[in-house]
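What follows is one structure encoded as structure tokens, with my remarks underneath.
The values are calculated or read from the model by the stated rules, or taken from the named source; none is laboratory data. Quantities reported herein were computed from a predicted structural model and do not represent experimental measurements. Cβ coordinates were reconstructed from backbone atoms using ideal geometry, including for glycine residues, and neighbour counts include every protein chain displayed. In case anyone asks, the SASA skips ligands and DNA or RNA and just uses the protein heavy atoms, side chains included. Shrake-Rupley method; radii C 1.70, N 1.55, O 1.52, S 1.80 Å.
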Amino acid sequence: MDDTDSTAPAVTPPDRPVRPGRKRDHTRDAALLDAALDVLADVGYDALTIDAVAARAKAGKGTVYRRWSSKHDLVLDAVERLQRTQIDASTLPDTGSLRGDLLALFQPLDPEQTARRLAIMAGLASTAAHDDALAEAVDAAAIRPWAQAHLLFMTRAVERGEIPADAPIQTVSQILPTMAAYRSMIQRRAFTREFLEEVVEGIVLPALRSTAR
């Protein structure tokens, strides 16, 4: 006869020490985000997949998913990375004139860089029209850094007495960046020195120097 008490509680084994998880390797983030931008330029947002980004970065799909739970989050971070490469606020030009500052800020891209930038913006355009978070990211990458730099230039021009103190600098600072974004995202045309000079001399400076309100 088995004298074991079948009603006795089971013995719970002692808890095993929890092993710390593997630390995330942040050195891969930049490569993954650049790969996302490359795929975005190639196929647009709607056709972009995590698999395609992982393949472009020569990484496992799990490597991407450990960082971003969806392609939406991935693209938002990729566009933010694009923003950080736009303008270095610590090295903005100061030529002594508003026209000089606006023109000096322009740094022409080589044909390959220009084509990539145009393709990225075009790949975002249709989706940004009905996705508020993506539209905000596009604004932060394609318009806001330039508008902030232009506002600084215009503020300095007011302080120098180059333009009237009541010039509508908040509004006018957005004109050129917005036109440039429309040119690249909708018209798919490069931002050129000729285009810059035409807008600065024909629209921006006259708008700031006009006394009509």
message: Between 0 and 90 degrees, rounded to the nearest ten: what's the tilt of helix 29-43 against the longest Cα principal axis of the chain?
response: 70 degrees
message: Give me the tail of P(r) for the range 166-213 as a percent: Cα-Cα pairs with distance above 11 Å.
response: 68 percent
- prompt: Where q = 0.10, 0.16, 0.23, 0.25 Å⁻¹, what log10 of I(q)/I(0) comes from the Debye formula for the range 56-143, counting one point per Cα?
  reply: -0.37, -0.82, -1.20, -1.26
message: With angles folded into 0 to 90 degrees, how steeply does helix 71-84 sit against the dominant principal axis of the chain? Use alpha carbons for both and round to 10.
response: 40 degrees
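Per-residue ellipticity at 222 nm for the chain, helices alone: DSSP H runs ≥ 4 residues times -39500 (n - 2.57), over residue total, nearest 500 deg cm²/dmol? Show your work: numbers first, answer last.
Details: 12 runs with 121 residues, N = 213.
Counting only the DSSP helices, I get -16500 deg cm²/dmol.
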task: Inverting the mean 1/r over all pairs of different Cα atoms, compute the Kirkwood radius of the range 59-213 and quote it in Å.
output: 17.0 Å
- prompt: How far is helix 132-142 tilted off the main Cα axis of the chain, in degrees rounded to 10, range 0 to 90?
  reply: 50 degrees
message: Need one number: the % of Cα-Cα pairs in the range 110-155 sitting beyond the 11 Å mark.
response: 70 percent
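Work the Kirkwood hydrodynamic radius out for the range 137-191: mean of 1/r over every pair of different alpha-carbon atoms, inverted, in Å. Could you put the intermediate results ahead of the total?
Details: mean 1/r = 0.0841 Å⁻¹.
After inverting the pairwise mean of 1/r, the radius is 11.9 Å.
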query: Within the range 170-195, what residues put their amide N at less than 14 Å from the label point 7 Å along the Cα-to-Cβ vector of Val158?
result: 170-174
message: Using each residue's phi in the range 112-117, evaluate 6.51 cos²θ - 1.76 cosθ + 1.60 at θ = phi - 60° and report the 3J(HN,Hα) Karplus result to the nearest Hz, with x for Gly and Pro.
response: 5, 5, 4, 4, 5, 4
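On the protein heavy atoms, probe 1.4 angstrom, tell me the percent of accessible surface of the range 22-155 carried by carbon and sulfur.
Details: 3510 of 6860 Å².
Of all accessible area on the range 22-155, carbon and sulfur atoms account for 51 percent.
Can you give the percent of C-alpha pairs in the range 40-100 whose distance is more than 13 Å? Mind showing how you got there, number by number?
Details: 1284 of 1830 pairs.
Everything past 13 Å amounts to 70 percent.
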